[in-house]
Amino acid sequence: MPGVRVRFAPSPTGSLHVGGARTALFNWLFARGQGGRFILRIEDTDRERSSPEMMEDILGALQWLGLDWDEGPFLQSERLERYRQAADRLLSANKAYRCFCSTAELAAKRQAASASGKPWKYDGTCLGLPPDRSREKHARGLPSVVRFKGTRDGEVVFEDRIFGRIAHRTEQIEDFVLVRSDGMPTYHLGVVLDDLDMKISHVIRGADHISNTPKQILLYQALERPVPVFAHLPLILGPDRTRLSKRHGATAVTTYRDQGYLPTPFCNFLALLGWSPKTEVETLSTDELIHQFSLRGVNKSNAVFDLEKLSWFNSRYLRNAPAARLLPLIRAELEREGIWKEELGSSSRAWMMTVVDLLKQRVRMVSDFASQGRAFFTDDFEIEDKARRKFLKSDALQVLMPELAARLGSLPAFGLEETESALRAFAAEKEVKAGLLINAARALLTGKAVAPGIFEVMVALGQKRTVTRLSDTSWMEDEPRAGE
Ligand code: GLU
């Protein structure tokens, strides 16, 4: 579609929320799929609540997700003059007026209305003020806001790309504020002027903005400019079907990044919050998302944020990723844990790849490589209590394991078949179940109750480390903890 220009316009009053990230992603996918432009705008006119740190957080999160922008970031705080000029033009054209009602007066009226059970909207007290009187009050320095002058007997109608036709009677729309008493533009004025100046063709944003759209359309009309296409995205709910919030757990994208989720599965997961691909396949690469995404595929019904599903996407991604792609991430994780050694790098890259391929079958997060897989990367690991209790409780093992170690140590070749037949032959000879030895070997070799296939573990560790660990009897001295 020629001329597609979309934007993501976060307010830097908090970290990038998953809902915001979903909005950014849909805009980005739409722009990339349509050969359009993706513009980043920072809506920072709320001076008190905005902060440069939050802006950095947002930019960092977008970069992490891979949502690169073609223009911007434009800061609203750098465009204040533009908004002032536009407000002045609307005032001179009699499409806006100054309102001198004080906050206290308005609060009292609002309270009275609510006490009598009536909805409140600005009652137009200052609407009737003759222009010269208004100018005179303003010149005297009396505080005022600029309000949009609405019409009373019409209808604002728009065709939302997702929600369909939406109509509002103009009499329900109050004369909303365009410029605050401190001279700062309100969200409505800023957003409309920016979307016009930045030639935005499609406004794709959360459904929480639907009620703002009629006001903004009135403003486009007052400015005699064409209205962009609107597409409002369904809300994201927590598992209890209330709006996703901190009560449901982490909502900041950077928290997920820091917990070890990866950007590709995270985007895949976000994409399905409110959008359905045409096929049944749910795991999609970023290119596939770009290719398949359409506003037609966006649902009206609210989406539910399901952490289990996110973990599923993450583990699926890890399982299917080539080991080489994961190596740098795993290295960073091992470094963080202080178990990275240079020799794990270049000299034994092939070995690392084998271990990564083995471990990636069961991990959910990159950090699991260092925790579940610790025993592969260092000899300094502990046998977890669960493994000890379940698999090392038989007294017979105290004799059997060192003997098994000796048997494995004498093997001339140390492959999957050799290790397996040696263990099974040994079990038969000793008249014990192979499972007893396998489970005990798992505990001693990996420290875990759950691990990859034991013969693969042995081969990956190599003959020497396998034999050393199985013959080491120090585990027998460790008393089980009280109460266990
Ligand atoms: N700054 C607004 C927000 O963070 C975005 C408004 C819009 O997209 O029109 O919700």
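The values are calculated or read from the model by the stated rules, or taken from the named source; none is laboratory data. Quantities reported herein were computed from a predicted structural model and do not represent experimental measurements. Quick reminder, even Gly has a Cβ in these numbers, built from the backbone with ideal geometry, and neighbours come from all protein chains shown. Ligands, DNA and RNA are excluded from the accessible area calculation, which covers all protein heavy atoms including side chains. Shrake-Rupley method; radii C 1.70, N 1.55, O 1.52, S 1.80 Å.
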Could you tell me what percent of the accessible area of the chain is made up of carbon and sulfur, with a 1.4 Å probe and every protein chain present? 50
For residue 413 and residue 350 in the same chain, what is the full-extension length gain: residue separation times 0.36 nm, less their Cα-Cα distance, in nm? 20.8 nm
Vicinal HN-Hα couplings computed from phi for the stretch 282-295 (Karplus, 6.51 cos²θ - 1.76 cosθ + 1.60; Hz; Gly/Pro x): 9, 8, 10, 6, 4, 4, 5, 4, 4, 5, 8, 5, 8, 5
Any chance you could give the angle, 0 to 90 degrees and rounded to 10, that helix 187-197 forms with the longest Cα principal axis of the chain? 90
Sorted by mean Cβ packing within 10 Å, highest first, what order do the peptides 107-114, 236-243 take? 236-243, 107-114
Each residue of the stretch 376-382 in order: what ³J(HN,Hα) in whole Hz does its phi give by Karplus 6.51 cos²θ - 1.76 cosθ + 1.60, θ = phi - 60°, with x for Gly and Pro? 7, 9, 8, 8, 8, 9, 10
Run the simple label-point estimate for residue 80 and residue 276 please: 7 Å along Cα→C-beta, distance reported in nm. 4.9
Pull the list of the chain cysteines that no other Cys approaches to under 4.7 Å, Cβ to Cβ. 101, 267
Whichever lysines have a C-alpha closer than 19 Å to that of residue 118, once near sequence neighbours (fewer than 8 apart) are set aside: 109
Can you tell me the orientation of helix 307-320 relative to the chain, as the angle in degrees between its alpha-carbon axis and the longest Cα principal axis, to the nearest 10? 50
What accessible area per residue comes out for the chain, rounded to a whole number of Å², with a 1.4 Å probe? 49
Projecting the Cα atoms of 311, 419, 181 onto the charge dipole of the chain, where Lys and Arg contribute +1 and Asp and Glu -1 at Cβ, the residue farthest towards the positive end is 181
Using amide H atoms built 1.01 Å from N in the peptide plane, name the residues 5+ places from residue 203, or on other chains, whose amide H lies under 5 Å from its own. 229, 230, 231
Considering amide H positions built from the backbone, and no H for Pro or chain starts, which residues 5 or more places from residue 176, or on another chain, come under 5 Å of its amide H? 148
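For the pairs 390/433; 215/246; 278/309; 278/300, flag any whose C-alpha to C-alpha distance is greater than 21 Å.
215/246
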Cα-centred dipole magnitude for the chain, charges only on beta-carbon of K, R (+1) and D, E (-1), debye, nearest 20: 1800
Tell me the accessible surface of residue 159 in square angstrom (1.4 angstrom probe, heavy atoms of protein chains only), to the nearest ten. 120
Sorting 139, 192, 209 by the position of each Cα along the dipole of the stretch 130-229 (Lys, Arg +1; Asp, Glu -1; all at Cβ), the one nearest the positive end of that ordering is 139
Summing +1 per Lys or Arg and -1 per Asp or Glu among the other residues with Cβ less than 12 Å from residue 160's Cβ gives +3
For residue 275, other-chain or 5+-apart residues with amide H closer than 5 Å (H placed, Pro excluded) are 299
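For 70, 123, give me the order by solvent-accessible area with a 1.4 Å probe, most accessible first, ignoring ligands, DNA and RNA.
123, 70
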Per-residue ³J(HN,Hα) for the stretch 39-46, Karplus 6.51 cos²θ - 1.76 cosθ + 1.60, θ = phi - 60°, Hz, x for Gly and Pro: 10, 10, 10, 9, 8, 10, 7, 7
Express in Å², to the nearest 10, the accessible area of residue 468 obtained by rolling a 1.4 Å probe over the protein heavy atoms while all chains stay in place. 80
Return the calculated 222 nm mean residue ellipticity for the chain, to the nearest 500 deg cm²/dmol, obtained by summing -39500 (n - 2.57) across DSSP H runs with n ≥ 4 and dividing by the residue count. -14000 deg cm²/dmol
Cα gyration tensor shape of the chain, rounded if a/c is under 1.5, else prolate or oblate by comparing a/b with b/c: prolate
Can you order the peptides 164-172, 380-388 by their average number of other Cβ atoms within 10 Å per residue, highest first? 380-388, 164-172
What do you reckon, how do 28, 340, 312 stack up by accessible area (1.4 Å probe), largest on top? 312, 340, 28
What angle, in degrees between 0 and 90 and rounded to the nearest 10, separates the Cα long axis of helix 52-65 from the longest principal axis of the Cα atoms of the chain? 60
